[in-house]
Amino acid sequence: MTDIIKPSVQAFLVCDQVIEDSLTKKKSLIGIFTHLQAAVFPFQHQQMGLYFCLTDAEGTYHFDIDLVCLNDDQLMCRATLPNIHILDRLQISDFGINIPSLVFPAPGRYEFRLRMEGHLIAQKDFSVMQMANPQTAEPSA
């Protein structure tokens, strides 16, 4: 099959954690964010969650998720997902992924890119900022 149906991406969100209920398969997104603050760099974020929701898809798909530093367009890491088989174009399929221990070398803008069969279908950027360091001076005697 040469013509792959390109899915419509309904949502692509970054959070601290995605939790899936084992009975209902509903997903809870914990700590959705647009920016992170760090006191020192390199900064290690213990876990990040990614959530994406697709419709208008049918067939077997290969997905990769890239994390790119937008400051220098450098690929920081790539996650390859197991092939996903979607039976019906009317089906709404959602996915939650937890990524352990990401290290951010410097403040800046970063972006997750969702690729299907190598083609970019969604992207979500966020900022990692240097935390203001208020000096807590000891009162002088």
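Values quoted throughout were computed directly from the atomic coordinates according to the rules given, and no laboratory measurement underlies them. None of the values given here were measured: they were computed from a predicted structure. No Cβ is skipped: glycine too gets one built from the backbone with ideal geometry, and neighbour counts run over all protein chains shown.
Summary table below
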{"quantity": "Answer label for log10 I(q)/I(0) by the Debye sum over Cα atoms at q = 0.10, 0.16, 0.18 Å⁻¹ (calculated), chosen among (1) -0.32, -0.80, -0.99; (2) -0.28, -0.77, -1.00; (3) -0.41, -0.88, -1.06", "calculated": "(3)"}
{"quantity": "Mean Cβ neighbour count within 10 Å, used as a protection proxy, ranking 51-58, 100-107, 77-84, 10-17 highest first", "calculated": "51-58, 10-17, 100-107, 77-84"}
{"quantity": "³J(HN,Hα) computed for each position of the stretch 93-99 - Karplus, 6.51 cos²θ - 1.76 cosθ + 1.60, integer Hz, glycine/proline x", "calculated": "10, 10, 9, x, 10, 10, 10"}
